[in-house]
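Worksheet: the structure to be examined is printed underneath.
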Amino acid sequence: MPTTDTGRVDDEQTPLLASPSTEAQEPQPTPLPKLQVGVVLFLQLCEPITGFSIYPYINELVSKLDIVGGDQRKVGYYAGLIESLFFATEALTVLQWGRLSDYIGRKPVLLTGLIGSSISMLCFGLSKTFWTLVISRCLCGLLNGNIGVMKSVMGELTDSSNRAKAVALMPVVWSTGASLGPLLGGALSNPHKRLPTVFRAPFWEEHPYFLSCSAASSFVFVAIIITAVFFKETLPRRKQGTSSSNTTSSDAPPPIREILVWPVIISVANYVALAFLEIMLNSLLPLFLAMPVEIGGLGFSPPTIGYLWGGYAAATGLYNILFFAWILRRLGEKRVFATGIILFVPVFILMPAMNMCARVWGVGALVWSLVILEFFIMIVKNMAYGSMFIYVTASAPNKRSLGATNGLSQMAVSVSRAIGPALSTSLFSYSVQNNFLGGYGVYLLMIMFSLLAAVIASFLPMRAWEEKEVSSE
């Protein structure tokens, strides 16, 4: 490993979460650059707002298309496909966006992704056929590499002394966006029915979800302006000069094969397992809430689903900001992550339990108590994301590989997220149509996936990677 003439390890070759020397006194946390972190956190709002805003009405939208032929049992197939398309197309390009940001900088890549999200949401709101919905979601995925790039930026703005504090803020912001998204999607859908005196033009009846989509697109447009004006490039400048070939080669972003070390591989594998379970749950639960009781759901309306999802997201943010850093310090990254994974099991068990109660006693106090318990468990399990962010960031061999490492992890996660929605919702429809385990077979499979993810989590170290663990690979 390169060293300076003073014997210190070169900063760009030091693993991002290297443990402090046991002989040195514990350093004071470095103050966070508040303006830059604030801009990044604001940009992060765009992802869940554009992603989750379609959840309250996507099943209703699909049920109106000719492709289902009026059979609501088929809705799960097509709703899951539409939800998966963003991640399927994102998987094709997100690694390239991450690698490109290692060369040209984070800011131009972030702006491109924001512009793509804004345009695609408008296209989605104007779509009247299944294939136009498909094209708009594909457009969003192809142009959007921001998820991985924003994580790279946050890694460059923080160090081991203050990263946990910043990580605690990221789930809060994500949850805020995940709260606003469903609220916008549910509350602004079908405006011609809610406010017929204001939205009485035929356009609003022909495009009942355009208002929801345009609201999300407008938010992204504001983010574009903020990024252009206030965001400062965080990618370290490449050293100039040819006096040392070693300096030039070490300063350049490494090839992908040099990034595939054990810390990166096992971190990405666990991130994929978590994202796979999460996206299946996020697709399955709204479908479960929307479907009639007699075919395995609870029969909730889009506004009700939007309010539930929004309240859950807001509570998740509050929980993380109050407890995440405290719990992480006491339990460590691995225990926090493993707990989040294993909590998927009761989450999937509660769904058939709620439907059984609704069939016998109706959607009353008991069912609503189980709904509240369901969302509370989901709030606690979301701490796994903060822990995994620390693992992935720490696994990067050096700062020049941070964009590629996050791009690689996001590519793998996007593949799992492309498969997850279509798989979970299709399994729901298959279970109902074929009476697989009384229509509840999908939940048994989800529990099995959760237990497999817990096995993968056992390979993580108790704490994030130390310098010797990364560099020796």
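The values are calculated or read from the model by the stated rules, or taken from the named source; none is laboratory data. These numbers were taken from a predicted model, which means no experiment stands behind them. When we count neighbours, we look across all protein chains shown, and the Cβ atoms used for this are built from the backbone with ideal geometry, even at glycine. Note: areas computed on protein heavy atoms with side chains; ligands, DNA, RNA excluded. Shrake-Rupley method; radii C 1.70, N 1.55, O 1.52, S 1.80 Å.
If R0 is taken as 56 Å, the Cβ-Cβ distance between Thr304 and Ile256 corresponds to a FRET efficiency of 0.75.
At a 1.4 Å probe, what is the % contribution of carbon and sulfur to the accessible area of segment 348-465?
Accessible surface attributable to carbon and sulfur in segment 348-465 totals 77 percent.
In this structure segment 347-402 gives 32 Å² per residue of accessible area when probed at 1.4 Å with all protein chains present.
Say R0 is 30 Å: what FRET efficiency, to the nearest 0.05, do Arg200 and Lys64 get from their beta-carbon distance?
Here the calculated transfer efficiency is 0.90.
Say R0 is 22 Å: what FRET efficiency, to the nearest 0.05, do Trp326 and Val380 get from their beta-carbon distance? Calculated value: 0.95.
Sorting the Cα pairs of segment 336-473 by distance into bins of 10 Å, from 0 upward, gives 10, 30, 32, 17, 9, 2, 0 percent per bin.
Once the 1.4 Å probe is applied to the protein heavy atoms, segment 299-344 comes out at 42 Å² accessible per residue.
Using bins of 5 Å that start at zero, the share of Cα-Cα pairs per bin across segment 293-362 amounts to 3, 13, 13, 19, 18, 12, 10, 8, 3, 0, in whole %.
Report, in listed order, any pair from Lys64/Lys381; Lys74/Lys334; Lys34/Lys107; Lys151/Lys334; Lys151/Lys381; Lys193/Lys381 with a Cα-Cα distance greater than 29 Å. Show your work: numbers first, answer last.
Numbers: Lys64/Lys381 35 Å; Lys74/Lys334 40 Å; Lys34/Lys107 18 Å; Lys151/Lys334 20 Å; Lys151/Lys381 21 Å; Lys193/Lys381 37 Å.
Those over the limit are Lys64/Lys381; Lys74/Lys334; Lys193/Lys381.
If each of Arg463 and Lys193 carries a label point 7 Å out from its Cα toward its Cβ, how far apart are those two points in nm? That separation, rounded to one decimal, is 5.6 nm.
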